[in-house]
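Here's the structure, in structure tokens; my notes come after.
The values are calculated or read from the model by the stated rules, or taken from the named source; none is laboratory data. Source: prediction; values computed, not measured. For neighbour counting, all protein chains shown are included, and Cβ atoms are generated from backbone atoms with ideal geometry for every residue, glycine included. When the accessible area is computed, the model is the full protein with side chains, heavy atoms only, and any ligands, DNA or RNA have been set aside. Shrake-Rupley method; radii C 1.70, N 1.55, O 1.52, S 1.80 Å.
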Amino acid sequence: VPREILTVLIRPSLEAGAHAVDAPAFRFVDPADAVLSALDLGATRGDGIFETISVAGGSPQALEHHLTRFARSAAMLDLPAPDLDAWRDAIRATAEAIDPVPEAFVKTVLTRGIEGSGIPTGWCYGAPSPDFTHERTVGIRVVLLDRGVRHDVERTSPWLLAGAKTLSYAVNRAAVREAQRRDADDVVFVSSDGIVLEGPTSTLVYRRGDALLTPGVGLGILDGTTQANLFRWAAREGLTTGFELTTPEILRAADAAWLVSSVRYAAPIRAIDGEPMTVDAAFTAAANAWLLELRD
Ligand code: PLP
């Protein structure tokens, strides 16, 4: 039986070089212990950022890409720059401490800390991954939901933090519940001006002929680590890869489509708003086998 979730608490001094050389930047704590203050702004306002990193065969995947995105999210929220060397060590230590399972994950969290303290709080924890066999093989039914912001929100309204991986995921969870009310499993967000964006916890990727495409950057969406890895694989397989401003019509006309993310990897879309979509089982299986084998 896999061990309980493990927690690594990073010392509050997260700024680069801020922790004394003789003091470790992090320590393991018992997840049952009270480690987070009720006054922490991460808990009271969702004011913080996170990353979820796949761990395959004990090895964190796309670690540098995740760390880069973590630092970018911190900058967007005016949080102190995380000490990436300390986080890298903590993530690896957490990954190694999880009981050996083929698939696990480590989640990192950085908050603005206890109100008024000015000292951020950081921690990470790890656990074995849920079983996503059904999502990866049978596929998922999605609904298109209006995100209520234009596709250029990142440029016009940076204070909305679109494109940062903030802790405020209540909206993303609410969108998935709306999908379930509509007899679906997941969501593809569309901007108020009709541009297809991303899932609540995933990047949209679709294939048209020999091209593997994604809605791209600058749209107030996350720069996906799984999408980046998938495109590396696709290029090796002889496909062209690229970004395209995607409309719902373009998506519906695709030969196949996926929501891709860390931990769940590539989940083929088998229906959009109740309309069946072809699942490319062989392509999906090959992509997921490759993603699972990644060791970096
Ligand atoms: N978009 C959003 C909003 C996400 O929350 C996530 C991951 O959780 C992704 C995209 C996919 O990113 P990654 O492939 O790096 O997990």
**Message:** If I ask for residues that are within 19 Å of the chain's Cα centre (by Cα) and open to solvent by 50 Å² or more (accessible area, probe 1.4 Å), which ones from region 136-160 would you list?
**Reply:** 147, 154, 160
**Asked** Any idea which residue in region 22-76 is farthest from the ligand (Cβ to nearest atom), counting only those that are open to solvent by less than 10 Å² (accessible area, probe 1.4 Å) and farther than 28 Å from residue 295 by Cβ?
**Response** 40
**Asked** Under the condition of being assigned to a loop (DSSP other than H, G, I, E, B) and β-branched (Val, Ile, Thr), which residue from region 276-296 is farthest from the ligand (Cβ to nearest atom)?
**Response** 278
**Prompt:** Taking region 116-135, which residues are part of a strand (DSSP E or B) and open to solvent by 20 Å² or more (accessible area, probe 1.4 Å)?
**Reply:** 121, 123, 125, 128
**Failed item, numbered, when residue 91 is tested on (1) under 21 Å from residue 160 (Cα atoms); (2) within 16 Å of the ligand (Cβ to nearest atom)** = (1)
**Request:** Specify the residue that is surrounded by the most Cβ atoms within 10 Å (Cβ to Cβ); the eligible residues are those in region 217-264 that are β-branched (Val, Ile, Thr) and assigned to a helix (DSSP H, G or I).
**Result:** 226
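Pull up region 242-275, narrow it to residues that are among the basic types (Lys, Arg) and touching a residue at least 60 places away in the same chain (Cβ under 8 Å), then point me to the one that is nearest to the ligand (Cβ to nearest atom).
Just the residues of region 242-275 that are among the basic types (Lys, Arg), to begin with: 252, 264, 270.
This time we only want the ones that are touching a residue at least 60 places away in the same chain (Cβ under 8 Å), so: 264, 270.
Details: 264: 9, 270: 20 Å.
For region 242-275, the residue satisfying everything is 264.
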